[in-house]
Amino acid sequence: MNISETKFNFLKDDCIKLFGNEVGAEVYKNTDELYIKLCEENDSQNNDAIKTHMTENMFPPMAYYLTLRENNIEKDAALDYVRKETQKTAEAKRGANAKMASLPCAYLLYRMFVKKVMKKNFPVEGWETEWVQLDGKQIAFNMKRCIYKGMCEKYSCPELCTVYCENDDIAFAGLMPKIKFERTETLGQGGQCCDFRFIKNE
């Protein structure tokens, strides 16, 4: 699998637009090679959800960021380049959330299925979830361990985790106005946990 087969299949064109034909093609080539390497050297623990997170969400931006840094792109500039790419996928997720939120009784449906969805998509092999509240007013949980943070630390790019965190704000904005998303801290930004709160706003 390479990046062209992921949701970041637009990255090659963006690299060429940003850096020109020759340099852009080289940046993309090196990014793709690193992406393949990241996928090969990390075990998904035979868990489909973790494999999807790694191959679709985590490693394409990470490979791009690390490649940019290897090409002496300053840290903040590299983060901005990666941020622009990940925001495209976050906007797509925002649209999907907006469709869900348009359904009648959206909050009730969200509350009914959230634990099942979390268990499937954020398994204990990669995340530690502490449930705080689940009622007619609020869905609240604290994420106390996250594989994204762990991988960013493993590859010495903890600052990249903030980009992953930021995209949650974009994606979950699609739940408004029926469901309001709030979070005061994240692991990636140095917090003790990621305190997810989905508040009934109907």
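The values are calculated or read from the model by the stated rules, or taken from the named source; none is laboratory data. Source: prediction; values computed, not measured. We place every Cβ from the backbone using ideal geometry, glycine too, and count neighbours over all the protein chains shown. What goes into the accessible areas is simple: the full protein's heavy atoms, side chains included, and nothing from ligands, DNA or RNA. Shrake-Rupley method; radii C 1.70, N 1.55, O 1.52, S 1.80 Å.
Summary of computed values
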quantity: Residue check, ASP43 of a type in the set (D, E, K, R) and not in a helix (DSSP H, G or I); calculated: yes
quantity: Residues of segment 162-202 satisfying the condition of being hydroxyl-bearing (Ser, Thr, Tyr) and in a helix (DSSP H, G or I); calculated: THR162, TYR164
quantity: Selected residue (criterion: surrounded by the most Cβ atoms within 10 Å (Cβ to Cβ)) from residues of segment 179-197 that are under 22 Å from PRO104 (Cα atoms) and either of a type in the set (S, T, N, Q) or touching a Phe, Trp or Tyr at 6+ places or on another chain (Cβ under 6 Å) (or both); calculated: ILE179
quantity: Hits in segment 146-161 (condition: more than 19 Å from ASN121 (Cα to Cα), part of a helix (DSSP H, G or I) and open to solvent by less than 30 Å² (accessible area, probe 1.4 Å)); calculated: CYS152, LEU160
quantity: Matching residues in segment 120-138 - criterion: being of a type in the set (Phe, Trp, Tyr) and either outside any strand (DSSP E or B) or modelled with pLDDT under 95 (or both); calculated: PHE122
quantity: Residue satisfying condition, being out of contact with any helix residue (DSSP H, G or I) (no Cβ under 8 Å at 6 or more places or on another chain) and of a type outside the set (Asp, Glu), within set LYS120, LYS149, LYS154; calculated: LYS154
